[in-house]
Amino acid sequence: MAERETWATRLGFILAAVGSAVGLGNLWQFPFKTSAEGGAAFVFVYLIAAFLIGLPAILGEFVIGRRANINAVEAFDRLKHPAWTVVGAIGLLTGLWILSYYSVVGGWVIRFIVDSATGAYFTDPGGHFGDVSMGWAAIGLHGLFMATTAVIVAFGVEKGIEKATRLMVPSILVMLVGLAVYAFTLDGSGPAYGYYLSPDFDYLANNFGSIVPFAVSQAFFSLSLGMGAMITYASYLGDDDSLPADGSLIVVLNTAVGLLAGLVVIPLLFVQFGSVPDVAAGGGPDALFVGVSQVFADLGLAGRVFGVAFFGVVLIAALSSAISLLEVATSYVVDNYGYNRPVTAFGFAGAIFALGTLSAWNIAWLGWFDSLAYSVLLPVSVLLVVIFVGWVYGPEAVDEIKKGTDGGGTFATAWLWSIRTYVLAGVFVTLYLGVTDIYAAPPIPFL
Ligand code: PHE
């Protein structure tokens with residue numbers, strides 16, 4: 001067998017992983033969940049989860065990927081634990097489930113690029129979202145987003161996207177900082193900062209059961225965990241890379257983008273809705289769109305230019321994530337069954353498109369798909385990976401994580417200890433609370 005390719009540079013890997021991690025999870029989901037789930041209390045749990053659970057877990061996926069050197073499903077087989085391939089399969093299916101509505105949101109982004117150019121939402125940004133987010137047009141744009149993703153995966157032209165992600169991360173940061181500063185200067189944004197940055201611990205204590213599953217799963221989602229993506233990316237890593245160093249950088253960058261997006265969207269929601277209860281109610285899946293489009297509308301002609309640029313960058317971020325989701329399933333089928341790559345990519349894309357039409361038809365379905373992913377699928381998938389790395393693969397995992405670091409023995413031991421104990425417990429509690437939450441109020445639309 002030919003030697004498998006590896007990333008040409010350390011930066012190449014980091015950029016690809018960041019390209020996967022930074023996406024609608026940071027820009028769209030994080031601000032709206034924060035505004036709806038109690039502001040800073042949510043952010044507080046999210047930050048703990050990202051660094052204390054997310055970082056050890058992402059290192060776990062890196063270990064599996066680099067050691068196995070193959071796609072996320074067969075990886076477990078390669079590591080001589082064939083029964084665990086089911087974990088890879090669960091991750092793959094979780095990713096496809098999520099992609100079905102991710103793509104619908106991607107369709108909205110395309111819509112807002114066009115509508116920024118024409119100024120279509122300028123007279124009524126809030127109402128406009130309601131008009132375009134559901135129905136035939138939304139289905140069409142969901143199809144366009146999915147087709148674009150499939151074309152890129154089918155023809156292996158990720159190279160182009162990799163180049164785009166090089167520019168994407170800096171340009172996202174610049175735009176978010178610019179918008180955050182602008183939002184700060186607007187009348188009415190003041191109360192947002194307390195709500196967003198100063199946690200109300202009583203609120204957290206009283207709503208622990210609903211905040212925790214959402215905040216922890218938000219960290220998983222945002223870091224692309226539990227869906228095989230990080231396993232796949234790390235399979236192209238060479239032994240001289242330091243996993244802890246790369247992992248930390250990825251977590252820091254990804255968290256920074258999410259926090260900045262919140263610093264843009266939440267103040268803008270306060271400007272429009274005034275006070276906390278209205279912000280929480282108004283901060284649904286439309287928050288990003290309604291929040292920023294009001295700004296672009298107010299800026300008139302310049303707003304058209306900024307609007308196209310802003311949603312354009314959001315689209316690149318969304319595509320680079322969607323590609324990594326579709327790639328997990330495609331590379332597995334191509335490697336394992338020898339199917340033709342374009343046929344496989346389009347086959348999956350067609351099925352995901354069909355599933356996503358529900359979410360594009362009615363936003364209540366989107367909420368349902370999202371809840372199930374957050375409350376059950378993501379925690380289950382991450383829990384299984386953590387159990388595997390900690391208790392099944394343990395000592396060999398320590399071996400692998402030490403490679404490419406100077407010494408690193410103490411870190412490796414502490415890492416394994418964390419995976420075996422509190423990380424495992426934390427993910428378990430998340431799953432337990434998520435299942436209870438969903439069981440108490442099954443969010444099945446129209447029932
Ligand atoms: N992390 C991406 C985001 O925040 C979503 C994603 C998950 C992408 C899993 C790939 C794999 O948007």
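The values are calculated or read from the model by the stated rules, or taken from the named source; none is laboratory data. It should be emphasised that the depicted structure is a prediction, and the values quoted were computed from it without experimental measurement. Heads up, the Cβs are rebuilt from the backbone with ideal geometry, glycines too, and the neighbour counts pull from every protein chain shown. For accessibility, only protein heavy atoms count, side chains too; no ligands or nucleic acids. Shrake-Rupley method; radii C 1.70, N 1.55, O 1.52, S 1.80 Å.
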Residue in region 246-262 that is away from the ligand (no atom under 13 Å from the Cβ), over 17 Å from Gly54 (Cβ atoms), more than 12 Å from the chain's Cα centre (by Cα) and open to solvent by 10 Å² or more (accessible area, probe 1.4 Å) present: yes
Go through region 210-245 and give me each residue that's open to solvent by 20 Å² or more (accessible area, probe 1.4 Å), within 16 Å of the ligand (Cβ to nearest atom) and among the hydroxyl-bearing types (Ser, Thr, Tyr). Tyr233, Tyr236
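To keep it simple, each residue is scored yes or no on (1) within 16 Å of the ligand (Cβ to nearest atom); (2) part of a helix (DSSP H, G or I); (3) of a type in the set (Gly, Ala, Ser).
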{"position": "Trp28", "(1), (2), (3)": "yes, yes, no"}
{"position": "Lys33", "(1), (2), (3)": "yes, yes, no"}
{"position": "Phe44", "(1), (2), (3)": "no, yes, no"}
{"position": "Leu52", "(1), (2), (3)": "no, yes, no"}
{"position": "Ala57", "(1), (2), (3)": "yes, yes, yes"}
{"position": "Gly60", "(1), (2), (3)": "yes, yes, yes"}
{"position": "Ile64", "(1), (2), (3)": "yes, yes, no"}
{"position": "Ile70", "(1), (2), (3)": "no, no, no"}
{"position": "Val87", "(1), (2), (3)": "yes, yes, no"}
Find the residue count for region 285-311, including only residues that are aromatic (Phe, Trp, Tyr) and over 26 Å from Gly367 (Cα atoms). 2
Checked region 177-196 for anything under 19 Å from Ala40 (Cα atoms) and of a type in the set (Ser, Thr, Tyr); matches are Ser189, Tyr193, Tyr195, Tyr196
Among the residues of region 89-132, write down those that are more than 13 Å from the ligand (Cβ to nearest atom), touching a His at 6+ places or on another chain (Cβ under 8 Å) and of a type outside the set (Val, Ile, Thr). Gly107, Asp115, Ala120, Tyr121
The condition of being surrounded by 20 or more Cβ atoms within 10 Å (Cβ to Cβ), closer than 28 Å to Tyr182 by Cβ and among the β-branched types (Val, Ile, Thr) holds, among Val265, Val276, Val308, Val328, only for Val265
